[in-house]
Amino acid sequence: MVTIHVMEDLEEMQIIPLNGRYEFEVRKDGFLNTAGYGGPKKRGSWSIDIRNGEQEFFATIFRAAHHYYYNNIKGLRRPPNNGVLKTQLKLRAVFETNSDTNGSHCAACRFFGINSAIRIYNPTRNTMDLYGTIIHELAHASHWNMDRSGYNGADDYVVESWARGVQWELTRMVYSGYQPPYFNEYTGVVQDMIDGISGVDQVSGYSIRQIEDALDGQDNWNGWRINIKNKHTNGTENNLEALFNIWK
């Protein structure tokens, strides 16, 4: 099996397989151009250290997608699966600067698997931040897959706060010091419900899966909050309303 060693700041080395995966595909610029690394012909395994550039960008997207699809994600639902009457999720690595966004998710673009549902930009950012962005966009894809009608009509505060929370929870499984920024509809309400250490709330102890379960079928801020309280018993639940008010 072909493997690739991704070297980050010459200190940490991550090992990932560089071959096709059934559930997802990483694409590079070009309509149907699959990202990959062509190594020398040889028997057995081979490895390469990647430091910066286009190939590290591809590898980082692959690592994050592999994490969400195949590794431990603390009980969360997976992104859309491949199979009968379903299509493989395509993630496009756009190797260029975008001043408007670091990534995007377009559920409709997954139609027949022709276009890329997820696009990732700004490859010169550090690997940890890139990883977080990819997890964020995959969280959108998973949310859509769980509740398509709710996702399509949902309040931006619900959609983006949820994805930001998953971004925080899963990325720090790989980068323990990771902390995403919070602003506008990209709130820290999910983190606050889990860790309770922000200094501005009195809520803690919920699991990321409990918060996801309460999201199913909800498309507005207050409905999500009420569902969290109704579905799960928590000693801090009476402070949920104050917490949601802080963030919106």
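The values are calculated or read from the model by the stated rules, or taken from the named source; none is laboratory data. All values derive from a computational prediction rather than experimental measurement. Glycine gets a Cβ as well: all are built from the backbone with ideal geometry, and neighbour counts include every protein chain shown. Ligands, DNA and RNA are excluded from the accessible area calculation, which covers all protein heavy atoms including side chains. Shrake-Rupley method; radii C 1.70, N 1.55, O 1.52, S 1.80 Å.
Pairs under 6 Å by beta carbon, first residue within 16 Å of Glu185 (Cβ to Cβ) in region 213-240, partner of a type in the set (Asp, Glu) and at pLDDT 95 or above, six or more apart or different chains?
Asn220/Asp155; Trp221/Asp155
Please state which of the following conditions Cys109 fails to meet, knowing it meets all the rest: (1) within 22 Å of Gly75 (Cβ to Cβ); (2) open to solvent by 10 Å² or more (accessible area, probe 1.4 Å); (3) part of a helix (DSSP H, G or I).
(1)
Looking at (1) more than 27 Å from Met128 (Cβ to Cβ); (2) modelled with pLDDT under 95, which is the only condition Ser204 fails?
Tallying (1) more than 27 Å from Met128 (Cβ to Cβ); (2) modelled with pLDDT under 95, Ser204 fails exactly one: (1).
Scan region 112-128 for residues that are touching a strand residue (DSSP E or B) at 6+ places or on another chain (Cβ under 8 Å), open to solvent by 60 Å² or more (accessible area, probe 1.4 Å) and part of a loop (DSSP other than H, G, I, E, B) and jot them down.
Selection gives Asn115 alone.
Filter region 207-223 for residues that are surrounded by 15 or more Cβ atoms within 10 Å (Cβ to Cβ) and of a type in the set (Gly, Ala, Ser) and give the result.
Ser207, Ala214, Gly223
Among the residues of region 129-181 satisfying the criterion of being touching a Lys or Arg at 6+ places or on another chain (Cβ under 6 Å) and in a helix (DSSP H, G or I), which is least open to solvent (accessible area, probe 1.4 Å)?
Ser142
Filter region 72-98 down to the residues that are among the small types (Gly, Ala, Ser) and in a loop (DSSP other than H, G, I, E, B), then identify the one that is most open to solvent (accessible area, probe 1.4 Å).
Filtering region 72-98 for residues that are among the small types (Gly, Ala, Ser) and in a loop (DSSP other than H, G, I, E, B), the one most open to solvent (accessible area, probe 1.4 Å) comes out as Gly75.
Just checking, does region 224-234 include any residue being open to solvent by less than 30 Å² (accessible area, probe 1.4 Å), polar (S, T, N, Q) and within 25 Å of Asp129 (Cα to Cα)?
Checking region 224-234: not a single residue is open to solvent by less than 30 Å² (accessible area, probe 1.4 Å), polar (S, T, N, Q) and within 25 Å of Asp129 (Cα to Cα).
Exactly one of (1) more than 20 Å from Ala64 (Cβ to Cβ); (2) in a helix (DSSP H, G or I); (3) open to solvent by 40 Å² or more (accessible area, probe 1.4 Å) is unmet by Ser204. Its number?
If we test Ser204 against (1) more than 20 Å from Ala64 (Cβ to Cβ); (2) in a helix (DSSP H, G or I); (3) open to solvent by 40 Å² or more (accessible area, probe 1.4 Å), just (2) comes out false.
Working only within region 104-125, note down all residues that are touching a residue at least 24 places away in the same chain (Cβ under 8 Å) and under 28 Å from Ser176 (Cα atoms).
Selection gives Ser104, His105, Ile118, Arg119, Ile120, Tyr121, Asn122, Pro123, Thr124.
Can you tell me how many residues within region 109-122 are at pLDDT 90 or above and touching a Leu at 6+ places or on another chain (Cβ under 7 Å)?
Residues meeting the conditions: 2.
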